[in-house]
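Nothing in this text is a laboratory measurement; each read-out follows from the coordinates by a stated rule. What you are looking at is a predicted structure, and each value in this text was computed from that prediction instead of being measured. Backbone-built Cβ (ideal geometry, glycine too); neighbour counts: all protein chains shown.
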Amino acid sequence: MIGYLIRRILYAVPILIGVNLLTFVLFFVVNTPDNMARMHLGMKRVNQEAIDKWKAEHGYDRPLLFNPAAEGSGKFTKTIFFDKSVKLFVFDFGPADDGREIGVDIQQRMWPSLAIAIPALVVGLLINITAAMLVAFFRATYIDFWGVILAVAMMSISSLFYIIGGQFVFSKMLRLVPISGYGDGLSALKFVILPVLIGLVAGIGGGLRWYRTIFLEEIGKEYVRTARAKGLSELRVLFGHVLRNALIPILTGVVVVIPLLFLGSLLTESFFGIPGLGSYTIDAINSQDFAIVRAMVFLGSVLYIIGLILTDISYTLVDPRVRLS
Amino acid sequence: MPILPVVLWTDALIFLLLGAAIALGFYAARREPLRAPWRQIRKRPVAMAAMVVLLAYIGIGLIDSVHFKRRLPATEAGQTAQYSPEVVSLLDVVTDRLRKNVERTYSAPLATHAYAKETVEMPDGTQARIFPRLRYGGAHLADPEKEWPQDLLFTAVQGGLLGLVAALGLNALFLFVLSRRRHTRGGTMVREILAGKTDTAWRATLGTLSLLVIWAGLCASLSFKYHLLGTDKVGQDVFYLSLKAIRTGLVIGTVTTLVMLPFAVLLGIAAGYFRGWVDDVIQYVYTTLSSVPGVLLIAAAVLILQVYMDRNADAFTSVTQRADVRLLFLCIILGVTGWIGLCRLLRGETLKLREMDYVQAATALGVGSWRIIIRHILPNVMHIVLISVVLDFSGLVLAEAVLSYVGIGVDPAMISWGNMINSARMEMAREPVVWWSLVSAFVFMFGLVLSANLFSDTVRDALDPRLRGR
């Protein structure tokens, strides 16, 4: 198992290098440092001196990938690619284009993101699985049919509608919770409730349908027939046998997103003015701060790969047949 | 020629897709294994009703994809033809009144007066704060307070009756064709359909069609005299905007698939069939791409396009063309992030298929690799491709709205549901609330996505051999 994990982590290295090269090409080759300088200084009346000064200040005054002027290994290390991208591997994100340290910002901003993402995930899982079990229990009846139609209708509504509508009803009309913002400690609770609630409602349609399919697939299997033949009640069959076996496909979907929870939700956070990583990214996109976007891309891919490894580990925990080697 | 046809990039792709769909239809109609799933789809009332709605959306989208420029009236004799710089579509011509009847600012649905009070100079020279009359909405009424409810009812009933006549005509036509093909009498046919005893779910199909036609008549008649769904901040008719946005949604949902399909199919099958280093390289590529969070990849790409467009502003002759290139680019980027799932599925399926006896036999007989892929593998993974195409569609339509909201979607000059929502999101804070542009965008989008979802569910059930017979 340890050997397997080490191998998996080593496999991740070329992938992360690929991600880095990809983002580097996207950001620097198509959009050269000169363009970036011009954009930050304003398009009009920028002379070459001002551009050079900006580049020197922000560390963009080196060659992109290969520095023929430098000595020895400096040919590769004294370049923008090394400076801006390779340092990401040791999680040294450097300063954003406005001078703030990205690493510090990320550490501060991940907590509000988690405060919304974790309750939404846990409660959402409970609700979705329970609802899907109910529908599976009543399969091939009118409850099942209309349940599925309702789920399809709910997942056909844009998530923007849930957010805008929820804010309108609960904050503007009923004045139960503030429209947006965030507070420290327990006072954050009243800001967190509505986003979590909306996340739950928006996710229930897709979740119900997805878990229902998984349960129905399991219900069709031989061991369920055996369990029924033994004379077990339908509820025992569902909770004792079907649910436990359905955990394997459920885990695949859930574990992989757990690390990504750090990144928060772009939409929810920017709508509710929550100072998490999601709104951080949106702000960076809007102000065209490439340093932040690059850091977030890298962080996102690292977390995704961690998620994949965690999924493999969780398989061995729930399914005794799976051995990692 | 009084008009000059303009073929935008996305237009060309849409019609290519339409051609491909029709060709696939003809191909499938002559092959029993492909007709069987279609028969199963036809039996489902929900699927047929969803299909009618979907076809209505597609019809509007197609009309809106025929673009041209109008010729300007010649100012002097013998002059070479001059064309208006404005690119219009067939839909613009049909809804010309809606497009040109621009008010000054917000007005509520079916209103005759503006939404906000304005200082107006009265005929006697004094100034007063009143709700001014709209320039076009209900302009034919002399005394709106008294005549408005009556006129509204009259117009609605008139339009509804017109729609009813059209619906009856359509139904009669369908009945005639059906009874001819079945060699039954019209009366028997009607009874069978009403009882829901036909093989194809005609009751649901014709019912939905009739309702749709009546509804269309009602809307058309009202929208000629009023602003059916009100006007937005700059006074544009919201009903017109919602109709125009259909094309954008459809393009995002379909062209994206068209762009990604060749890559996904080719790479997925190649990885599964050749294995070895080919498989390693392809797996590396898609793992790398899928590790980058999709939204961020899209954001990066759109930002770069924006910079590129700002630098080469003169390469795009009109706003429409500029918006179109951006739409196409968005489709490509969504395709790049979207092909991975399908590619992975196809690779897995091909890995299984290549061990099948008939593939082994073909290999033993010395059939070339590509020939085996085209003749034996491709037809056997086609159902996966079709299923993923229809399942992806609704997700893409919804994604457009979110991306446009975040500011990395379609061009702000392009009419889309996302842009409508984006520009209207501050209006909920007004007193009284300006709800109509938001609600219209959501309702139109909901109609398209819901019908696509319901239809694709049935398609999946019919095509997936694992689900068949359940």
In units of 2.2 N^0.38 Å, the Cα radius of gyration of chain B is 1.16
Taking only the alpha carbons of region B:138-225, the radius of gyration and the largest Cα-Cα distance, Dmax, both in angstrom, are 17.9, 58
Between A:Val254 and A:Ile2, the FRET efficiency computed from the C-beta separation at R0 = 30 Å comes out, to the nearest 0.05, as 0.75
In Å, the Kirkwood estimate of hydrodynamic radius for region B:198-357 over Cα pairs equals 20.0 Å
Relative contact order in percent for chain B (Cα pairs under 8 Å, 6+ apart) equals 20 percent
Helix A:277-286: inclination vs chain A longest Cα principal axis, degrees, rounded to 10, gives 50 degrees
In degrees, nearest 10, the alpha-carbon axis of helix B:378-406 is tilted away from the dominant principal axis of the alpha carbons of chain B by 30 degrees
Compactness summary of region B:62-182: radius of gyration and Dmax from Cα atoms, Å, are 22.6, 75
Shape call for chain A, from the Cα gyration tensor axes a ≥ b ≥ c (a/c under 1.5 means rounded, otherwise prolate when a/b beats b/c, else oblate), comes out oblate
Scoring region B:138-225 by relative contact order with C-alpha pairs under 8 Å, at least six apart, yields a percentage of 49 percent
Computed on Cα atoms, Rg of the protein assembly as shown relative to 2.2 N^0.38 Å comes out at 1.06
Final fewest-first order of B:Val46, B:Val255, B:Val213 on the 10 Å Cβ neighbour count is B:Val46, B:Val213, B:Val255
Projected convex hull area of region B:340-395, Cα atoms, direction-averaged, in nm², equals 3.9 nm²
Residue separation between A:Arg100 and A:Asp83 times 0.36 nm, minus their alpha-carbon distance, gives in nm 4.4 nm
FRET efficiency for A:Val169 and B:Phe176 from the Cβ-Cβ distance with R0 = 60 Å, rounded to 0.05, comes out at 0.75
Under the helix-only model (-39500 (n - 2.57) for each DSSP H run of 4 or more, divided by the residues of chain A), the mean residue ellipticity at 222 nm, to 500 deg cm²/dmol, is -20500 deg cm²/dmol
Listed by chain and number, the aspartates and glutamates with an alpha carbon less than 12 angstrom from that of B:Lys43, same-chain partners under 8 positions apart left out, are B:Asp199
With A:Lys172 itself left out, Lys, Arg at +1 and Asp, Glu at -1 over residues whose Cβ is under 14 Å from its Cβ give +1
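Between beta-carbons, use under 14 Å as the cut-off and find the net charge around A:Gly278, counting Lys and Arg +1, Asp and Glu -1.
-2
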If one compares the long axis through the Cα atoms of helix A:243-255 with the longest principal axis of the Cα atoms of chain A, the angle in degrees, nearest 10, works out at 10 degrees
re region B:237-463: pairs of Cα atoms spaced beyond 31 Å account for a percent value of 35 percent
With label points set 7 Å from each Cα along the Cα-to-Cβ direction at B:Arg104 and A:Leu150, the distance between them in nm comes to 4.8 nm
Restricting to Cα pairs under 8 Å and 6 or more apart, the percent relative contact order of region A:124-209 works out to 45 percent
